[in-house]
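*Asks:* Could you have a look at this structure, given as C-alpha cells, before my questions?
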Amino acid sequence: MSMMLSRRVRDLPPSGIRKFFDLVVGAKDIISLGVGEPDFATPWTVRSEGVYAIEHGRTSYTSNLGLLACREAISGYLKDRFSVSYNPETEILLTIGVSEAVDIVLRTLLDPGDEVIVPEPSYVCYGPLVQMAGGTVVSVDTSDTGFIPTPDMLQSVVSPRTKALILCSPSNPTGRVIPKETLLELLALAVKHQFWIVADEVYAELVYDVAFTSVASLPGAKDHVILLNGFSKAFAMTGWRLGYLCAPPEVVAQANKIHQYSALCAPIMAQYAAIEAVKNGLSELESMRRSYEHRRNYVVTAFQEMGLSLHVPEGAFYCFPSIRETGLSSEVFAMRLLEEKRVAVVPGSVFGLGGEGHIRCCYAADFDLLKEALSRIAAFVKAL
Amino acid sequence: MISTPVAQDILKILSKNARLPAADMAKMLGVAVTVVEDTMRALEEAEVIVRYTTVVNEQKMPQMKRKIRALIEVGIRPERDRGFDDIARRIAQYPNVVAHYLISGAYDFLLIVEGDSLEEISSFVSDKLASTDNVRSTSTHFIMKKYKEKGILIGEQEVTERLAIMP
Ligand SMILES: Cc1ncc(COP(=O)(O)O)c(C=O)c1O
C-alpha cells in the first residue's frame, strides 16, 4: 500500500505533537496551555457582517485574488498600522489563512534543491511545506541569541542555492520580536545574496511594550520581502480561514496561478467580515491585546518565581521558558506534567533546533484557569 | 496617583472582575502589590471608585423574590433659579430610584426604578414622582427581561470549542 503513496509525503516527519494530541483529547479535567489560538470569539460586529453576507446570498466564489473591496481595505489597514504600501489591484492575494499563503509562496519560489533558511525553534509548518515544494530546509538554531536570528548565524549557512529566509516575528513558539536593527541587517544580507525574506507576521498586532517593525516597511524591502499576514490571531478569526500574501506584482501573479488551481478563492463571507474587522474592529483588537498583555505579565512573573529562566516574550501569546534546570527532556516534562498535574503544554522539541529544553505555554486562556495551571506547574517543578 | 495609567488599568480590570486579588493584578500589570493597593485606596478615597457591587441574574434563582423594574422618562418644567441638579437631588433620594440620568431629547430625566410589585412602582410614580415640584410629565416602561447589564451578557454564555493542543 505505502508504495502507492508519494515518497515525498511518506518522507515527511510526522508531527511531533500528534501523540500528545491523542492523549489530551480523550482526557477530561485537563487545563490546556497547548492551544494556538485566541480565547476570544470573533468581535461581534465582525461576526454580524459575516452573517449579513450569508443572509444576503453572498455565497459565491470571488475573483481569485479576492474581493477588490477587501484587498483595498487590507491595503489601507497595512498602510495605517505598519507603514507598508501594497497596491490592492496587483500586490495583494487573499488566501485560506496564512497557512495557504506559506504553501503557495514556497511553491512559487522553489525549484528542486533550492534552500530555505528556517531559524528555529519555529512554527511547525515551514519545514514540511518547504519539503513538499521540493526545497531543502536549512535549519538554524537561534537559542544562543534569545531566539533572535542574527546576520552572523545566517551568513554561515547562506549558499548559492539559498532562495529564501523565513522570518516569523512575533514568533510562534517563542513570542520574541525581531528588533528593527536586526531586520535591517537581515534585509541587507538578502539584498547582498539575492534571496527572498518570507515574513510571517500573523502576530504583528499582538505586541507588548516594544514597537513592532514590519520588515516590509524597511527601505528597499519591496523587492526582497514577501509579507504574509492574516486575520486569525489579531481579530480572533481562526475559523474563518483568511490570510493574505503581499509581494511584487510578478510574484502575486505567479502565486495566484497555484491558488487559482488549488483553492480558487478564499471564503467570501470571511472576506466581507474582514472588511468590517479592519474598519471597525480595531478598538476590540486593542482590548484583546491589553488582555493578552496582562496575562503575559502574569505568566512571566509566575515562571520567574518558579526559578525557570526565560526570554521575556514581547509578542504573540506564547511563553517559552527553559526547563533545563529540571533535568527532564521537554517531552518527558510535558508528559509527566500532563499525567501528574493534568496540565497540557507543548514540548519545545517539536519546534525544531534549539527547542529542546523548553516548553511552550499559550497564555490565551481564561485567567482563573491560567492561574491554576501555573500553580500546578509550580508544584510540579518544586517536587522534582 | 489616581491619574496614572496604572490607575486606569486597575479600573478597567476591576470593572470586569472586582474580586480579583491585588496580588494578581500587580502581576498582570507588572507593578508591586503595594502600588495596586495604594492606587485602589486612593481611588476609593477620591470616590472615583464609589462602590463594588454585583451583577445578578435573578432568572437563575427562581426562589428569590424578584424585584420589578421600570424605566421612567420624566419631563421637567424648568424654573428660574432652579436647575436640573436641584430638582434631581429631590428625586434621586428615593430608595426606589436605583439610577437617575439627565438626558437629551423629548424628556429630561431617565430613571430606573425598582420595587417589590407593580403597585409599589405605580404608587411611587403617582404619589411621589408626579407630584414633585416641577415634574411636568412621566412615562413609565416596565422591564420585562434583562439581556445585558454593565456590559455583561446575562443568560446563556457562548461556549467555543478549541482544540486542546495546536502547534
Ligand atoms: C506563526 C504562524 N503562522 C501561521 C499560522 C496559521 O495561521 P492561519 O490561521 O492564518 O492559517 C499560525 C497558527 O498557529 C502561526 O502560529
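The values are calculated or read from the model by the stated rules, or taken from the named source; none is laboratory data. These numbers come from a predicted model, not from an experiment. In this analysis, Cβ positions are derived from the backbone assuming ideal geometry, glycine residues included, and neighbour counts consider all displayed protein chains. What goes into the accessible areas is simple: the full protein's heavy atoms, side chains included, and nothing from ligands, DNA or RNA. Shrake-Rupley method; radii C 1.70, N 1.55, O 1.52, S 1.80 Å.
*Asks:* Looking at segment A:205-212, can you tell me whether even one residue there is more than 16 Å from the ligand (Cβ to nearest atom), within 14 Å of another protein chain (Cβ to nearest Cβ), of a type outside the set (Asp, Glu) and open to solvent by less than 10 Å² (accessible area, probe 1.4 Å)?
*Replies:* Yes: one or more hits.
*Asks:* For a quick check of your reading of the model, give me the residue pairs whose first member lies in segment B:148-167 and is within 13 Å of another protein chain (Cβ to nearest Cβ) and within 16 Å of the ligand (Cβ to nearest atom), whose second is assigned to a loop (DSSP other than H, G, I, E, B) and among the aromatic types (Phe, Trp, Tyr), with beta-carbon atoms closer than 9 Å and at least 6 apart or on different chains.
*Replies:* B:160/A:40; B:167/A:123
*Asks:* Report, by residue number, each residue of segment A:325-384 that is in contact (Cβ under 8 Å) with a residue 60 or more places away in the chain, open to solvent by less than 60 Å² (accessible area, probe 1.4 Å), under 22 Å from residue A:128 (Cα atoms) and of a type in the set (A, V, I, L, M, F, W, C).
*Replies:* Selection gives A:346, A:350, A:351.
*Asks:* Could you figure out which of (1) touching a strand residue (DSSP E or B) at 6+ places or on another chain (Cβ under 9 Å); (2) hydroxyl-bearing (Ser, Thr, Tyr); (3) at the interface with chain B (Cβ under 10 Å from one of its Cβ atoms) isn't true of residue A:15?
*Replies:* (1)
*Asks:* I've got another one for you. Would you be able to say whether some residue in segment A:165-185 is over 27 Å from residue A:314 (Cα atoms) and over 17 Å from the mean Cα position of the chain (by Cα)? Break it down into steps so the answer makes sense when it comes.
*Replies:* Going through segment A:165-185, the residues over 27 Å from residue A:314 (Cα atoms) turn out to be none.
Within segment A:165-185, not a single residue is over 27 Å from residue A:314 (Cα atoms) and over 17 Å from the mean Cα position of the chain (by Cα).
*Asks:* Give A:65, A:93 a once-over and let me know the one that is in the same structural domain as residue A:203 (by TED's automatic domain parsing), within 16 Å of the ligand (Cβ to nearest atom) and either surrounded by 17 or more Cβ atoms within 10 Å (Cβ to Cβ) or outside any loop (DSSP other than H, G, I, E, B) (or both).
*Replies:* Numbers: A:65 fails: within 16 Å of the ligand (Cβ to nearest atom).
After applying the criteria, what remains is A:93.
*Asks:* Further question on the same structure: Since residue A:201 meets every condition but one in (1) away from chain B (no Cβ under 14 Å); (2) charged (D, E, K, R); (3) more than 13 Å from the ligand (Cβ to nearest atom), which condition does it not meet?
*Replies:* (3)
*Asks:* Separate question: Can residue A:118 be described as closer than 21 Å to residue A:222 by Cα and either in contact (Cβ under 8 Å) with a residue 60 or more places away in the chain or touching a Gly at 6+ places or on another chain (Cβ under 7 Å) (or both)? Before you say what the answer is, go through the steps one by one.
*Replies:* Working: closer than 21 Å to residue A:222 by Cα: yes; either in contact (Cβ under 8 Å) with a residue 60 or more places away in the chain or touching a Gly at 6+ places or on another chain (Cβ under 7 Å) (or both): yes.
Answer is yes for this residue.
*Asks:* When you go through (1) away from chain B (no Cβ under 14 Å); (2) touching a residue at least 60 places away in the same chain (Cβ under 8 Å); (3) within 16 Å of the ligand (Cβ to nearest atom); (4) not in a strand (DSSP E or B) one by one for residue A:233, which number turns out not to apply?
*Replies:* For residue A:233, the failing item is (1).
*Asks:* Just a yes or no: is a residue in segment A:70-89 in contact with a helix residue (DSSP H, G or I) (Cβ under 9 Å, 6 or more places away or on another chain), under 28 Å from residue A:175 (Cα atoms), open to solvent by 40 Å² or more (accessible area, probe 1.4 Å) and within 13 Å of chain B (Cβ to nearest Cβ)?
*Replies:* Checked against the condition, which is being in contact with a helix residue (DSSP H, G or I) (Cβ under 9 Å, 6 or more places away or on another chain), under 28 Å from residue A:175 (Cα atoms), open to solvent by 40 Å² or more (accessible area, probe 1.4 Å) and within 13 Å of chain B (Cβ to nearest Cβ), segment A:70-89 yields no hits at all.
*Asks:* Now for a separate question. Please identify the pairs in which a residue from segment A:121-136 that is more than 12 Å from residue A:165 (Cα to Cα) has its Cβ atom under 6 Å from the Cβ atom of a residue that is open to solvent by 20 Å² or more (accessible area, probe 1.4 Å) and in a helix (DSSP H, G or I), counting only partners at least 6 apart or on another chain.
*Replies:* Once the first residue is more than 12 Å from residue A:165 (Cα to Cα) and sits in segment A:121-136, its partners that are open to solvent by 20 Å² or more (accessible area, probe 1.4 Å) and in a helix (DSSP H, G or I) give A:129/A:103; A:133/A:107.
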